[in-house]
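Visitor: Sending over a structure as structure tokens; questions will come in a sec.
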């Protein structure tokens, strides 16, 4: 591993920060037909709901609350989205845990019938064999205890010779073990310096296992940061057709400090969402010059908006000020101004005030007012209100001042207005 612990932690923290930002802070789509926008929004909400319910089900399963997990997996399967096949597999797994073996076989049959290309089918066949073998036998109350013992054994492997344990770990990953046990096994492999272990990890990252384990393996390769791991990620990216897998790799590139590969993806990727993802990750890395190069070459307004958002994420206030003052496209100027409004006021308030005085676009000026309001800059807003000759603009400023709470500057101006003759 050639990435220091401090650098790895810095990138990981930045990545997690971006992942917790609301979608509105990361994406400013260009104008589209309203019906298309509605369909896109509806689809996004459905995908988000599916993801939430699926994660709830997985958590319930990890807590051994199998009956409730079965209910939630049933809900996910009924949505018939991207996780439906996974939901059916884990539903059958949980049904087997509570001795609902006939129901488990029915669920596995539905998985094979409806999702013939599912990556869960290999494990589903193993699970079916286990269910049929155990049919008629009572449920094993000690099964969860077995998993706990295995988890302790896997932890011990971190401090011993993992080379001898790799065949066992690979068998565990390929089998029907509990999700938390598989996750732990993959973690052991990721921490091992064994060449054999590294090859198993690469295989999982290439898609030789379930999507969840593939995502974790990609993350681990990104965290390792070495040339070999980066080359493997680039190879997987080039061969992958799954957008979610490629998006995960772009995020792993950020963790690994791969500015060059992210820039290449931002310039050459055919999928617009993935280009935007690459741009976003460059912003997290603070790749100011690379983003500026992209902006100057890009012609699509919606992509340029994404670049502006990435400049905001990277804290590049100087470029945003430049764009807010000089960009010819009013929509892009407004985007730059909106982002300046949520940055450190010490760096941006002066520029916002200057833009208000020089820009003639009412929408841009309103964006300035909103930005100063978000910065709680009552002094600047009062100064603008006193000079403003447009009644509508002045009302907008005063309205913002009126809801600033216990702000002495705003309160004094309200009293001033009340005392006017």
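Visitor: Being assigned to a loop (DSSP other than H, G, I, E, B) and under 14 Å from residue 125 (Cα atoms) is the filter here; which residues of segment 76-85 pass it?
Guide: none
Visitor: Which condition number in (1) without any contact (Cβ under 8 Å) to a residue 24 or more places away in the chain; (2) surrounded by fewer than 15 Cβ atoms within 10 Å (Cβ to Cβ); (3) closer than 26 Å to residue 244 by Cα is the one that residue 298 fails?
Guide: Here residue 298 meets the rest and fails (2).
Visitor: Which helices (runs of 4 or more DSSP H) does segment 299-340 wholly contain that include 2 or more residues that are modelled with pLDDT of 90 or more and under 22 Å from residue 272 (Cα atoms)?
Guide: 301-313, 330-340
Visitor: Could you run through segment 191-201 and say how many residues are assigned to a helix (DSSP H, G or I) and buried (at least 19 other Cβ atoms within 10 Å of the Cβ)?
Guide: Total satisfying the criteria: 4.
Visitor: Looking at segment 358-369, can you tell me whether even one residue there is within 34 Å of the chain's Cα centre (by Cα) and exposed (fewer than 14 other Cβ atoms within 10 Å of the Cβ)? Let's see the steps before the verdict.
Guide: The initial filter retains those residues of segment 358-369 that are within 34 Å of the chain's Cα centre (by Cα), namely 363-369.
Checking the rest, the ones that are also exposed (fewer than 14 other Cβ atoms within 10 Å of the Cβ) come to 363.
Yes, segment 358-369 has at least one match.
Visitor: Let me ask something else. If you go through segment 86-101 one residue at a time, do you hit one that is at pLDDT 90 or above, under 20 Å from residue 181 (Cβ atoms), under 23 Å from the mean Cα position of the chain (by Cα) and in a helix (DSSP H, G or I)?
Guide: Yes, because at least one residue in segment 86-101 is at pLDDT 90 or above, under 20 Å from residue 181 (Cβ atoms), under 23 Å from the mean Cα position of the chain (by Cα) and in a helix (DSSP H, G or I).
Visitor: Can you tell me which residue within segment 222-243, out of those that are free of Cβ contacts under 8 Å to residues at least 40 places away in the same chain and under 17 Å from the mean Cα position of the chain (by Cα), is farthest from residue 273 (Cα to Cα)?
Guide: Only one residue fits best here, namely 222.
Visitor: Turning to a different aspect of this structure: Restricting attention to segment 159-190, which residues are part of a loop (DSSP other than H, G, I, E, B) and farther than 21 Å from residue 123 by Cβ?
Guide: Of everything in segment 159-190, those that are part of a loop (DSSP other than H, G, I, E, B) and farther than 21 Å from residue 123 by Cβ turn out to be 159, 160, 161.
Visitor: Consider residue 280 carefully, then state whether it is outside any helix (DSSP H, G or I) and either over 30 Å from residue 178 (Cα atoms) or at pLDDT 95 or above (or both). Walk me through how you get there before you give the answer.
Guide: On the way: outside any helix (DSSP H, G or I): no; either over 30 Å from residue 178 (Cα atoms) or at pLDDT 95 or above (or both): yes.
Answer is no for this residue.
The values are calculated or read from the model by the stated rules, or taken from the named source; none is laboratory data. Just so we're clear, the structure is a prediction, and the values are computed from it rather than from any experiment. Cβ sites come from the backbone with ideal geometry, for glycine too, and all protein chains shown count toward neighbours.
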